[in-house]
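Data block below; observations after.
The values are calculated or read from the model by the stated rules, or taken from the named source; none is laboratory data. No experiment lies behind these values; they were computed from the predicted model shown. Glycine also receives a Cβ, built like all others from the backbone with ideal geometry; neighbour counts cover every protein chain displayed. Accessible surface is based on the protein model in full, side chains and every heavy atom, while ligands, DNA and RNA are left aside. Shrake-Rupley method; radii C 1.70, N 1.55, O 1.52, S 1.80 Å.
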Amino acid sequence: MSEVRRRLAVAAAALTVLGGALWSLYSLTGPRENSGPTEAVALYDPQDARQVAGTADDVFLGTVVSRTGERDIYGVFSDLYAVRVAQVFKGTLRDTTTVSYYQGEEPLTDGASYVFATGRVPDGQSHAVLLETTPTPVADLNAPARTITAVAASDGRTVREYWKWAVDHEIDVSPGQER
């Protein structure tokens, strides 16, 4: 991918995370008359690991070291976590990184391991969990992936095999891309 396309993809991921967070805030605090189903802001299907992998800059197994604070971006609050990277499926992360996860979701547990799909935050030093995705708790990468999706359950993949497959078969849903 050319440098320009990579930068556009990073910018799109960051805007998607921010837009979704702002939409979530509006949905929680906005007017309630005519309430009904809301539209998703994500450009990808958060239930399709291939689209999630195609949107993410990094997909990795990490262990939460601790909650380190919070971030306020235009009134949208996220918790910040120090996460020790254990297995990389996509990207080049190593060691311990900062992961931003929007408040209002179940907090991440210190010492627990999760598969994270993240986008780089413009500060260049942290990563944000992709909009409408939830880090997948993982006790064992060799366990059956049946708890992730029906697709994983039907073919007997392990969690490790499932995420490797998703990255190997990622779908780029960036505007202007052919499927």
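Kindly evaluate VAL88 against the criterion of being open to solvent by 20 Å² or more (accessible area, probe 1.4 Å) and under 22 Å from ASP172 (Cβ atoms). Walk me through how you get there before you give the answer.
Details: open to solvent by 20 Å² or more (accessible area, probe 1.4 Å): yes; under 22 Å from ASP172 (Cβ atoms): yes.
So VAL88 passes the test.
Would you point out which residue out of THR109, THR96, THR118 is among the β-branched types (Val, Ile, Thr) and under 13 Å from the mean Cα position of the chain (by Cα)?
Numbers: THR109 fails: under 13 Å from the mean Cα position of the chain (by Cα); THR96 fails: under 13 Å from the mean Cα position of the chain (by Cα).
Answer to the check: THR118.
What are the residues in segment 100-115 that are surrounded by fewer than 21 Cβ atoms within 10 Å (Cβ to Cβ) and of a type in the set (Val, Ile, Thr), if any?
Selection gives THR109 alone.
Which one of these is more than 23 Å from TYR44 (Cα to Cα), among the polar types (S, T, N, Q) and open to solvent by less than 30 Å² (accessible area, probe 1.4 Å): THR68, THR97, THR118? Outline the logic, then answer.
Details: THR68 fails: open to solvent by less than 30 Å² (accessible area, probe 1.4 Å); THR118 fails: more than 23 Å from TYR44 (Cα to Cα).
So the residue among THR68, THR97, THR118 that is more than 23 Å from TYR44 (Cα to Cα), among the polar types (S, T, N, Q) and open to solvent by less than 30 Å² (accessible area, probe 1.4 Å) is THR97.
Got a number for residues in segment 71-85 being surrounded by fewer than 17 Cβ atoms within 10 Å (Cβ to Cβ), farther than 18 Å from THR136 by Cβ and not hydrophobic (A, V, I, L, M, F, W, C)?
3
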